[in-house]
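One structure is given here, and the rest of the page talks about it.
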Ligand code: HEM
């Protein structure tokens, strides 16, 4: 049996709903012949505007719904699936509402912010589809905390083992132990560090190993440390982008809400 996911939820019920909404809006727009140029002020313009505004408020409600863990009305997967498809249908409803009259004013600001919110939603969706699975794959049934404590344990073992080695090796191992997951904040964005001291230690030990086979345990220890660091780097890199897109999508949606309010108020003030 194929499991419901964000896209095929209940046999694509929300995709069908969104297509129906876009089609009805499109057909109404085509058969509507207003006495003035089509815009938000005709009866169809008001209707599409009301549907669009209600949709925006409902789309924003997802933020509230996500935090209501005890609420049983519809599961979150259904909510997100509906959010995606109806959010995309909003492009059609709102564009027809404008009657393609875009200019430098508060009405168009609301439209531009809406399109930017929807575009950021599309960007987030690509991260959303790959991110969580990629994160759990890279952690391989471990938590980031478990990996971090593995690194600490490896450091304790390395400090003990390197006591028998010469000064150069001790310095290399000590420098490696000081290497954190990232060197600077921008590393999380790129997902790797350019001068990794553990990587350096692994390379140096690999060369020294030929002349001194007793370094084998220390070498294995550092290879394990590097592997754990790489897992943590990939994990935090993915998390960074997952957090970043929401910190774009959510403020944009609040900006849109404010512009929508200004748009609606100005329409009624200048009625
Ligand atoms: C004007 C249209 C839209 C508005 C106002 C809007 C608003 C929001 C808000 C308020 C949240 C909740 C974020 C949170 O509190 O964590 C959210 C989440 C989300 N939105 Fe949108 N959104 C819109 C369109 C879209 C579109 C078109 C897509 C996809 C193509 C999309 C994808 C998502 C996803 C994937 C989430 C995360 C859901 C989750 O965390 O479970 N959004 N959106």
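The values are calculated or read from the model by the stated rules, or taken from the named source; none is laboratory data. Keep in mind it's a predicted model, so treat the numbers as computed, not measured. Cβ atoms come from the backbone with ideal geometry, glycine included; neighbour counts cover every protein chain shown.
Below are the figures for this structure:
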{"item": "Tally of residues being at pLDDT 95 or above and more than 16 Å from residue 232 (Cα to Cα) across the stretch 170-206", "result": "13"}
{"item": "Matching residues, the stretch 133-154, being in a helix (DSSP H, G or I) and free of Cβ contacts under 8 Å to residues at least 24 places away in the same chain", "result": "133, 136, 137, 145, 146, 149, 152, 153"}
{"item": "Those residues of the stretch 10-31 which are free of Cβ contacts under 8 Å to residues at least 24 places away in the same chain and on the phi > 0 side of the Ramachandran plot, in sequence order", "result": "11, 12"}
{"item": "Which listed residue, of 2, 56, 24, 31, is exposed (fewer than 13 other Cβ atoms within 10 Å of the Cβ) and at pLDDT 90 or above", "result": "31"}
{"item": "Single match in 260, 256, 244, 232 (criterion: more than 16 Å from residue 200 (Cβ to Cβ) and within 17 Å of the chain's Cα centre (by Cα))", "result": "244"}
{"item": "Count of residues meeting criterion [touching a residue at least 60 places away in the same chain (Cβ under 8 Å), over 30 Å from residue 135 (Cα atoms) and within 16 Å of the ligand (Cβ to nearest atom)] in the stretch 233-271", "result": "8"}
